[in-house]
């Protein structure tokens, strides 16, 4: 998966809402997470993968470089790449 909003060059936070999984970025070991835990993917990683282990549901969050207080949040529902 490529970062959700690459033009923002922002860190992304992957939060486990259900189940468990792991996040893997090139050149880094996989980081496991479970329900209620979060993994921060640094902005320097342009690509990373989210793998499911037990029927995972996640929330991916990132912040834009500039914030328009009148704009609503930017959201995207992600599908894990595999197990």
Just a yes or no: is a residue in segment 32-51 on the phi < 0 side of the Ramachandran plot, modelled with pLDDT of 90 or more, in a loop (DSSP other than H, G, I, E, B) and surrounded by 12 or more Cβ atoms within 10 Å (Cβ to Cβ)?
yes
Within segment 1-8, can one find any residue that is under 21 Å from residue 55 (Cβ atoms) and at pLDDT below 90?
yes
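The values are calculated or read from the model by the stated rules, or taken from the named source; none is laboratory data. Everything numeric here is computed off the predicted structure, so don't read it as measured data. Every residue, glycine among them, receives a Cβ derived from its backbone with ideal geometry; neighbour counts consider all protein chains shown.
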